[in-house]
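In what follows, a structure is listed as structure tokens, so that the remarks can point back to it.
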Amino acid sequence: MKQSIWRNQRFWRFFGQALVVVLILAGLAFLGSNLDRNLRQLGIRLGFDFLRSQAGFSIGDTPIPYQSSDSYAWALLVGLVNSLRVIGLGIGLATLVGVSVGIARLSDNWLLRQLALFYVETLRNTPLLLQLFFWYFAVFFRFPPVETPLRWLALTVSKGGLQLGELRVSSEFTALLLGLSFYTAAFIAEVVRGGIQSVPQGQWEAARSLGLKPGQTLRLVVLPQALRTIVPPLGNQYLNLAKNSSLAIAVGYPDLYAVSSTTFNQTGRAVEVMILISLTYLSLSLLISLLINLYNRSVQLVER
Amino acid sequence: MVHQPIIIAEDVHKWYGKFHVLQGVSLTINAGEVVVIMGPSGSGKSTFIRTFNALEDYQQGRIVIDGIQLSDDLRNIDAIRQEVGMVFQQFNLFPHLTVLQNITLAPIWVRKWGKGQAQDTALQLLERVGILEQAHKFPGQLSGGQQQRVAIARALAMQPKIMLFDEPTSALDPEMVREVLDVMRSLATSGMTMVVVTHEVGFAREVADRIVLMDAGMLVEQATPTEFFHNPQEERTRRFLAQIL
Amino acid sequence: MNSWLRKNLFNTWYNTLLTLVCLLGIYQIVTGVGNWLLTQARWDVVATNLNLLLVGRYPASQIWRLWLVGAIGVLLVGVSLVRPRLQPALKARLTPLLLGLWPLSLVLCFWLIAGGAGLLPVGTNLWGGLLLTLLVAFVSTVLAFPLSVVLAVGRQSTLPLVRWFCTGYIELIRGLPLIGILFMAQVMLPLVLPAEWRLDRLLRAIAGLVLFNAAYLAENVRGGLQAVPRGQTEAAKALGLNTPLILVLIVLPQAIRTVIPAIVGQFISLFKDTSLLSLFALLELTGIARSVLAQPQFLGRYAEVYLFVGLLYWIFCYTLARVSQRWEKPVASRL
């Protein structure tokens with residue numbers, strides 16, 4: 001019996017792939033040729049040497065020394081450090097608040113439960129950007145001017161920022177940190193709550209019948225098991241926080257995205273800036289995912 | 001009885017990676033025969049019958065179903081699947097469709113029947129398996145035994161020449177096994193070619209024309225029920241019977 | 001009453017302390033905020049700009065058309081939600097009707113909003129505020145959904161090249177912040193498309209949202225696809241159905257049903273994410289709030305405006321979330 005090529009399974013596998021490859025390549029060729037033509041019309045050549053030229057703009061928060069005469073590359077580095085500052089502290093603060101609120105959601109105190117619920121439902125159902133605007137404009141803008149700051153114990157508070165002894169942080173940084181952390185904490189709270197509730201009721205009963213008090217049961221029996229369910233979505237929230245930190249531009253905090261955006265506005269280098277942003281955020285995401293995966297493996301149960 | 005081979009499997013080999021799951025199995029089944037395949041778990045019996053309708057492929061050997069060679073040719077596979085019906089251990093009914101829709105789906109879309117014709121056939125089959133009143137319910141609302149009977153009706157709706165059964169009663173509560181076996185019994189009486197993988201010894205004894213024992217990917221022995229149960233030739237067959245009887 | 005108080009608020013010493021501290025704190029905050037809300041806050045900024053915030057610069061005389069669209073939407077959604085609970089006979093007659101009504105009303109609503117052919121045309125540059133937010137979220141989801149199904153199916157494909165491409169796309173998009181993707185859409189799309197195709201800012205933003213959303217939806221759909229037991233495909237294959245038929249008749253209907261809560265969750269996220277368009281000079285709800293705040297007579301009214309706008313967002317998101325939870329239950333029990 002003659003085998004028709006149209007009916008051969010193996011043929012379709014090969015053909016299917018070939019077709020997809022052709023379509024993708026054709027698409028990319030189309031986009032690429034347009035890009036080439038448009039760039040040529042604008043007189044722009046692709047290349048990264050613009051990074052060496054003078055930046056010419058100032059940056060508000062400078063954790064590492066920076067002047068406007070420094071290069072774009074250095075400015076971007078400052079942006080990156082700023083991003084890392086807010087992401088690192090944000091993850092810490094969000095976890096602290098989130099875990100507390102998550103546990104509070106399951107408290108036997110009715111009032112505490114309702115307060116926690118109110119917190120979660122309010123922050124989760126409004127956009128982060130709006131919350132950042134609110135923090136910055138409705139809260140920090142109302143601080144007294146720099147010349148007449150408010151003093152409380154060792155803390156000095158003004159529109160310019162907060163100062164505790166030698167440590168100084170800008171209003172922009174604080175507004176972003178608080179907005180980002182409290183927002184993410186609301187989601188972390190739900191993750192923690194879900195994780196704790198996923199531990200079978202029998203575990204609580206066994207612990208209680210052994211005489212353990214609720215706090216001890218939570219700490220020694222339930223939470224360690226809940227961690228298995230909690231860690232992956234928790235890692236996801238950390239990733240979200242890292243990505244959401246890019247909203248810093250809305251409150252004038254010079255993070256990586258904000259500095260990149262300014263760089264683009266000044267140089268018109270769309271493709272290069274886009275590549276830099278993508279590579280950096282992807283690397284950051286990968287790093288966080290890796291760390292979470294490592295931790296996740298360590299909390300898995302040992303099974304037969 | 002005229003011996004008309006409808007399934008011919010010659011020296012079939014299959015590997016899952018390094019694991020040699022079928023080791024040169026050869027079996028011929030005639031039209032109208034009821035063959036029961038038994039064996040310990042992991043013997044490859046399910047894998048073997050699943051090669052008959054190309055749910056599993058094989059690397060070496062030859063399988064011919066109703067004169068059609070089983071190969072990479074899609075047209076052959078399609079033709080074979082229309083002639084071979086299968087009933088699964090887990091029923092695998094489509095939960096988002098009613099019982100009636102489950103049965104009429106393939107005749108409408110594969111055999112291109114009209115809706116009226118498909119529905120008439122479906123209702124007749126439902127009556128034949130004894131659950132006509134469940135026609136408009138969803139699978140989730142039926143008991144296990146009822147679901148499996150729907151599954152049998154669904155396979156029969158395609159008017160197959162061969163029916164494969166892969167442990168059809170293993171997932172059922174004991175009190176429902178009987179109703180399904182009764183349907184299979186009546187099917188056998190009507191002359192359908194059936195290949196049944198099962199542990200149900202009573203069914204095998206009463207209904208099978210031939211019983212085949214598989215173990216560790218090999219066909220160990222085949223005989224009539226009387227011969228198989230009372231006068232097994234192979235040592236492995238004797239060991240197996242000692243475990244199940 | 002007394003026993004409830006005792007059990008829930010005052011059962012142990014630390015709970016009692018906690019309750020008292022909380023009550024004190026709540027009292028302080030509520031009186032402080034309440035005082036501000038009622039005496040110091042000046043709400044004329046919201047009252048004067050209500051139209052602007054809700055529908056942008058849509059001509060006031062034509063707003064009745066928007067009310068009509070709202071009514072149609074509510075009616076359709078209401079009937080669709082009620083459908084699973086109906087009697088089979090009624091449901092059988094209703095279903096094809098609904099299937100036809102949905103696309104028809106979509107076209108109808110679009111005509112009502114945009115105008116032309118009998119109605120006064122209202123250009124897209126006049127659409128703003130909550131109206132624009134809803135439109136953008138809706139259009140982006142509708143466009144992203146088919147793309148996400150393609151990506152999800154492609155990600156499971158047995159053809160390695162297809163699988164790599166889909167996985168690569170999904171992982172790339174999910175690793176980047178939305179603002180970055182919107183930036184790329186604004187800046188890169190004019191560069192990679194022929195100069196003659198002039199896409200305005202709104203279209204570029206929607207394109208960015210679609211590409212972004214499709215990657216996240218694809219993961220939801222993939223979860224749904226994986227939840228369909230393997231036996232379903234096997235049974236369908238055994239009956240002689242070919243691969244496209246199996247996908248359309250058996251796998252996708254089951255996958256999508258499982259996945260609807262996640263899809264609604266994604267829509268809620270998207271609804272909030274439209275606020276980012278304000279950073280690209282588009283006038284959806286957040287953007288128009290900022291332009292209201294830039295008016296000289298309302299300088300400094302941040303709290304009032306942001307609270308009001310926040311309330312609008314909250315009402316939508318909260319309602320959608322509740323409705324989705326309610327709808328989940330009857331579907332799950334039937335399956």
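Values for this structure:
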quantity	calculated
Extent along principal axes [Cα atoms of segment B:9-162; Å; largest to smallest]	47, 32, 29
Stretchable slack from B:Asp72 to B:His3, in nm (0.36 nm times residue separation minus alpha-carbon distance)	22.0 nm
Listed residues C:Gly240, C:Gly128, C:Gly223, most fluctuating in chain C (Gaussian network, C-alpha, under 10 Å)	C:Gly240
Förster radius 56 Å - calculated FRET efficiency between B:Glu227 and A:Trp12 (Cβ-Cβ, nearest 0.05)	0.75
Peptides ranked, highest mean first, by Cβ atoms within 10 Å: ranges A:41-47, B:182-188	B:182-188, A:41-47
Centroid-to-centroid separation of segment B:50-87 and segment A:90-164 [C-alpha atoms, Å]	67
Net length gained if the chain between A:Gln163 and A:Leu286 were fully extended (0.36 nm per residue, minus Cα distance)	40.8 nm
Cut-off under 5 Å, modelled amide H: who pairs with B:Thr193 long-range	B:Gly32, B:Met163
Sites C:Thr124 and A:Trp110, calculated FRET efficiency, Cβ-Cβ separation with R0 60 Å, nearest 0.05	0.75
Within chain B, helix-based [θ] at 222 nm, where runs of 4 or more DSSP H residues each add -39,500 (n - 2.57), nearest 500	-11500 deg cm²/dmol
Around A:Ala104: net Lys/Arg minus Asp/Glu count, Cβ-Cβ under 11 Å	+2
Length released on extending from C:Leu172 to C:Phe10, taking residue separation times 0.36 nm less the Cα-Cα span	53.1 nm
In sequence order, calculated HN-Hα J values of segment C:16-31 (Karplus, 6.51, -1.76, 1.60; Hz; x Gly/Pro)	4, 4, 4, 4, 5, 4, 4, 4, 4, x, 4, 4, 4, 5, 5, 5
Segment B:111-141 and segment C:202-250: distance between their alpha carbon centers, rounded to Å	29
Average Cα contact separation per residue, chain B, under 8 Å, 6 or more apart, as relative contact order %	26
Shielding of C:17-28 by partner chains, average beta-carbon count, 10 Å	2
Size of electric dipole in segment A:1-138: Cβ of Lys, Arg +1 and of Asp, Glu -1, about Cα centre, debye, nearest 20	960
Estimated FRET transfer efficiency (C:Ala47, C:Leu199; beta-carbon r; R0 56 Å; 0.05)	0.95
Packing-based ranking, highest mean first, of A:263-272, C:108-117 given that Cβ atoms within 10 Å are counted	A:263-272, C:108-117
Counting DSSP beta bridges with both ends in the protein assembly as shown, the antiparallel % (nearest 5)	65
Prolate/oblate/rounded label for the protein assembly as shown (Cα gyration tensor, a/c 1.5)	prolate
Nearby lysines by direct alpha-carbon distance to A:Lys243 (threshold 18 angstrom, same-chain neighbours under 8 apart not counted)	C:Lys272
Cα-based shape type of segment C:155-268, given that a ≥ b ≥ c are square roots of the gyration tensor eigenvalues and the cut on a/c is 1.5	prolate
Shielding of C:225-235 by partner chains, average beta-carbon count, 10 Å	4
Charge sum, other residues only, whose C-beta stays under 15 Å from C:Glu171's C-beta, Lys/Arg counted +1 and Asp/Glu -1	+4
Rounded to whole Hz, the Karplus (6.51, -1.76, 1.60) HN-Hα couplings of segment C:300-310, x for glycine and proline	x, 8, 4, 4, 4, 5, 5, 5, 4, 4, x
In nm, spacing of pseudo-spin labels at C:Asn242 and C:Leu37 (7 Å Cα→C-beta vector)	6.4
Unit charges on C-beta of K, R, D, E only; dipole of chain C, Debye	900
Degrees between helix B:144-156 axis and first principal axis of chain B (Cα, 0 to 90, nearest 10)	90
Gap separating the Cα centres of segment B:172-245 and segment A:225-247, nearest whole Å	55
Charged-residue dipole, Cβ positions (Lys, Arg, Asp, Glu), segment B:43-97 about Cα centre, Debye nearest 20	180
Separation in nanometres of the label points that stand 7 Å from Cα toward Cβ, at C:Val82 and C:Leu106	2.4
Selected from B:Ala151, B:Trp113, B:Val220, residue furthest toward positive end of dipole (chain B; charges at beta carbon)	B:Trp113
Anisotropy class of chain A from Cα gyration tensor, a/c 1.5 cut	oblate
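Rule-based calculations on the coordinates, nothing more; no lab input. Only a predicted model underlies this, so the values are computations on that prediction, with no experimental measurement involved. Note that we place each Cβ from the backbone using ideal geometry, even for glycine, and neighbour counts take in every protein chain shown.
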